[in-house]
Amino acid sequence: MTVASTSDTFASSSTGARPAYLDFNATAPVDPRVANEVMRYMLQEFGNAGSRTHTYGQVAKERVNRARQEVAALVAAKPDEVIFTSGATESDNLAILGLARHGEASGRRHIISTQIEHKAVLEPLEVLGGRGFDITLLPPDEGGRVPAESVRAALRPDTLLVSVMAINNETGVIQPIEEIASVLTEHDAFLHVDGAQAFGKLVQPLQHPRIDLLAISGHKLGAPKGIGALVARRRGYKRPPLTPLMYGGGQERGLRPGTLPVPLIAGLGTASALALDEADERTAAAVAIKAKLIEALRPLGAVLNGDPDRTVATTLNVSIPGVDSEAAIVALKDVVAVSNGSACTSQSYEPSHVLTAAGLPRELVEGALRFSWGPDTTDVPTDLIAERLLQLVRR
């Protein structure tokens, strides 16, 4: 079965089609090549990877093994260090809550993280705080970055875990993961990285061998929703001492029981391989889109939220003075699909905790718009976006 191209999805509404899609940080469309692979393992090779007595099961198992290799290759890990999960939220929970028993047994109850993490990290940390763990949340600087020196200053002998996201989901600011990893060279603390927005976009930083636990999500990368992984790297011969959150079946080295979703795993594997193969051309295309969008918004007095020299090429968080983000989204709804923050918290209508932590004035926080795009994005109606926003400025 061949899946049609998704190019029509991103056409401008000026042609009578759907609005251009610029909310990739919320979710990316499934790459047609990935979709074809998923459909093959749904309709043809539908065996259970745990079935050892026939060829259907063997084919499924072999595809799962190849997917481990494809995911591992993107982050320079070993295939048996890849644990398949339902996505980055589950992976974050497994990494953080899964270390709790070890922390309690070893007397190491201190955890360092940041104020700008995703709720998939902050809420498990709150749970551990209620269990007697001491949680230190570091603030970002004005550019939205948490300096490695702040991590160094917060380290204690009883620090169990340092958890820092690779790319912020709202601002696109790249955190200094490699520098933080170097800070931890002489410390036993585990380093957990939420790589949901970075996997497939940043290659080298996520390959640092000092990253013990790396959470990834397929649907940010062109794979289906419902699949992700936790990369749990060994130190020498020792695996991170994780305790499972669920029990029953023993799959994924006993850390994530349940029948493996082979079609979704195949999709994640294919998406990972494509991201590695096409990394340079994807980055170049994303840089061009970002430059064009910034140039179109510049005459409106646009304020870029997040250090522009330290943001990923696929994200732009911007505020237009005097323009409320909700009004802007309504004005743009037939032109482009954008957001004003994390899709996971968008229904709360609360000011962004990320931008607030960076010390931005309230009017900029309330006016912030997040544009995000990916390899399928081609025709961005920048002039029409600027025209609609200019109408709001003049009111």
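Count of region 112-126 residues, restricted to those that are under 12 Å from the mean Cα position of the chain (by Cα) and small (Gly, Ala, Ser), is 1. Among the residues of region 153-212 satisfying the criterion of being in contact with an Asp or Glu (Cβ under 6 Å, 6 or more places away or on another chain) and more than 24 Å from residue 271 (Cα to Cα), which is surrounded by the fewest Cβ atoms within 10 Å (Cβ to Cβ)? Step by step, filter region 153-212, then rank; the result is 191.
The residues of region 364-385 that are surrounded by 14 or more Cβ atoms within 10 Å (Cβ to Cβ), out of contact with any Pro (no Cβ under 7 Å at 6 or more places or on another chain) and not in a loop (DSSP other than H, G, I, E, B), listed by number, are 364, 368, 369, 370, 371, 372, 382, 384, 385. In this structure, is residue 145 at negative phi, in a loop (DSSP other than H, G, I, E, B) and under 23 Å from the mean Cα position of the chain (by Cα)? Yes: the conditions hold for residue 145.
The set of residues in region 268-284 that are among the charged types (D, E, K, R), closer than 16 Å to residue 28 by Cβ and part of a helix (DSSP H, G or I) contains only 282. Considering only residues in region 201-249 that are on the phi > 0 side of the Ramachandran plot and modelled with pLDDT of 95 or more, the one that is farthest from the chain's Cα centre (by Cα) turns out to be 226.
If you check 222, 248, which single one turns out to be in contact with a helix residue (DSSP H, G or I) (Cβ under 8 Å, 6 or more places away or on another chain), assigned by TED's automatic domain parsing to the domain that holds residue 174 and in a loop (DSSP other than H, G, I, E, B)?
On the way: 248 fails: in contact with a helix residue (DSSP H, G or I) (Cβ under 8 Å, 6 or more places away or on another chain).
Only one candidate qualifies: 222.
Among the residues of region 45-76, the one identified as touching a helix residue (DSSP H, G or I) at 6+ places or on another chain (Cβ under 9 Å) and of a type in the set (Phe, Trp, Tyr) is 46.
I need the full set of residues from region 114-134 which are under 14 Å from residue 151 (Cβ atoms) and surrounded by fewer than 21 Cβ atoms within 10 Å (Cβ to Cβ), in order please.
First, pick out the residues of region 114-134 that are under 14 Å from residue 151 (Cβ atoms): 114-117.
Of everything in region 114-134, just one residue is under 14 Å from residue 151 (Cβ atoms) and surrounded by fewer than 21 Cβ atoms within 10 Å (Cβ to Cβ), namely 115.
Can you find even one residue in region 270-280 that is more than 16 Å from residue 220 (Cα to Cα) and buried (at least 18 other Cβ atoms within 10 Å of the Cβ)? Walk me through how you get there before you give the answer.
First, pick out the residues of region 270-280 that are more than 16 Å from residue 220 (Cα to Cα): 277, 280.
Narrowing further to those that are buried (at least 18 other Cβ atoms within 10 Å of the Cβ): none.
No, because not a single residue in region 270-280 is more than 16 Å from residue 220 (Cα to Cα) and buried (at least 18 other Cβ atoms within 10 Å of the Cβ).
Only one of 291, 327 is under 17 Å from residue 389 (Cβ atoms) and either surrounded by 18 or more Cβ atoms within 10 Å (Cβ to Cβ) or over 20 Å from the mean Cα position of the chain (by Cα) (or both); which?
Values: 291 fails: under 17 Å from residue 389 (Cβ atoms).
Exactly one residue qualifies, and that residue is 327.
Taking the listed residues 120, 76, the one that is in a helix (DSSP H, G or I), within 30 Å of residue 64 (Cβ to Cβ) and in contact (Cβ under 8 Å) with a residue 40 or more places away in the chain is 120, with no other qualifying.
Within region 239-262, identify whether any single residue is buried (at least 22 other Cβ atoms within 10 Å of the Cβ) and touching a Ser or Thr at 6+ places or on another chain (Cβ under 7 Å), and answer yes or no. The answer is yes; a qualifying residue exists.
The values are calculated or read from the model by the stated rules, or taken from the named source; none is laboratory data. Note that this is a predicted model, so its numbers are computed, not measured. Note: ideal-geometry Cβ built from the backbone for every residue, glycine included; neighbour counts use all protein chains shown.
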